[in-house]
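Trainee: Below is the structure I would like to discuss, written out as C-alpha cells.
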Amino acid sequence: MKIAKKKLIEFLKKVKMDKTQMIDECCLKFEKDGLKIDANAKAQHSRVMGWLATRAFKEYEELGNVGVNEFSKVIDVLDRFGEFVTITKEGNLLTIKGEGKKVDVELVAEAFLQTDTGAPDLEFDDTFNITATKLKEIYKDVEMNKDAVITIETSEKKVKVSNSGKYKFQNEFEAPTCKGGVKVKAAEPLLDATRNLSGNLEISVKSDYPIKVMEKDEDSVITIIVAPRVEDE
C-alpha cells in the first residue's frame, strides 16, 4: 500500500483531535473502501469517525484492523519519511518504508484498546456551513478569555456565536439553511476536538444536545461529535 505522506498525516491529525480531546489509541481499519477510524476521546466528551477513501492512495491493500497506541507518536514516525510511504502488515508489526528507510511499529491487540465503535444515532434541528478558517477566528476570540463557555444560537437564516468571560465577543453570520430556535452551549472540548480541521465544515445543532461537525472533501469524510456544556440549574 502506498500513499503520499502529507495526505495521510493530514487525515490522521484531524482524526487525532487535540489537547484535552486527543485520541491516544485507536484501531485503523483498512477496509475494502478505504481507511476508517472510529474512536472516543479518553475524557468521553467527544467522538470522531473518519474515512479516507481508496482513491486517496497511490496503491491500496485491504490490510484489515491495525491497533495502535501512542497515536500521536505513530504520526510523528510517519513524518520522518519523504514524499511517499509504503505500508505493509505482518503479524503484530506494521512496516513503513520510504526512500531507503523503514521502521517496524509494534501493534496492539484490539482487545486491549479502550475504544467504542458504535456510532451514535442523533437527529438535529438546524445545520449550517462555515469554513474552518472562519471557525478558528471565532475560537481566537473565545480564547481571549480563560475557560469561556461558547453559546451557539440559530435564528431564521442566521447563526450567532457568543462567549462568556471578561471579553464577551459575538460573531454573527448568514446561514440560509437555518430555521432558528436552537441554543446550545459548548466549551473547551469543542475547540480541542475540531481545531485541526481545515476545509469546509457542516455543523449540526439542537438545543442542549451534542454538536456534530463534519468535514468532507474529495478523498475523506471526518465527523466529530462533541458533548454540550450543561450547566446546573
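Trainee: Being outside any strand (DSSP E or B) and either in the same structural domain as residue 20 (by TED's automatic domain parsing) or of a type in the set (S, T, N, Q) (or both) is the filter; apply it to the range 158-177 and report the residue that is surrounded by the most Cβ atoms within 10 Å (Cβ to Cβ).
Mentor: So the first thing to find is which residues in the range 158-177 are outside any strand (DSSP E or B), and the list is 164-169, 175-177.
Of the ones still in play, those that are also either in the same structural domain as residue 20 (by TED's automatic domain parsing) or of a type in the set (S, T, N, Q) (or both) are 164, 177.
Numbers: 164: 15, 177: 12.
Going through the qualifying residues, I end up with 164.
Trainee: Here is a follow-up. Of all residues in the range 204-217 being without any contact (Cβ under 8 Å) to a residue 60 or more places away in the chain and farther than 24 Å from residue 181 by Cβ, which is nearest to the chain's Cα centre (by Cα)? Let's see the steps before the verdict.
Mentor: To start, the set of residues in the range 204-217 that are without any contact (Cβ under 8 Å) to a residue 60 or more places away in the chain comprises 208, 211, 213-214, 216-217.
Going one step further and asking which of them are farther than 24 Å from residue 181 by Cβ, we end up with 216-217.
On the way: 216: 11, 217: 14 Å.
Applying the filter and picking the extreme gives 216.
Trainee: Right, something else. How about the range 220-233: which of its residues are surrounded by fewer than 20 Cβ atoms within 10 Å (Cβ to Cβ) and either in contact (Cβ under 8 Å) with a residue 12 or more places away in the chain or basic (Lys, Arg) (or both)?
Mentor: First, pick out the residues of the range 220-233 that are surrounded by fewer than 20 Cβ atoms within 10 Å (Cβ to Cβ): 221, 223, 227, 229-233.
Within the range 220-233, 221, 223, 227, 229, 230, 231 meet the criteria.
Trainee: Out of 35, 8, I need the residue that is assigned by TED's automatic domain parsing to the domain that holds residue 84, closer than 20 Å to residue 86 by Cβ and without any contact (Cβ under 8 Å) to a residue 60 or more places away in the chain. Which one? So that I can check it myself, show each step before the final result.
Mentor: Details: 8 fails: without any contact (Cβ under 8 Å) to a residue 60 or more places away in the chain.
Matching residue, one of 35, 8: 35.
The values are calculated or read from the model by the stated rules, or taken from the named source; none is laboratory data. Keep in mind it's a predicted model, so treat the numbers as computed, not measured. Cβ sites come from the backbone with ideal geometry, for glycine too, and all protein chains shown count toward neighbours.
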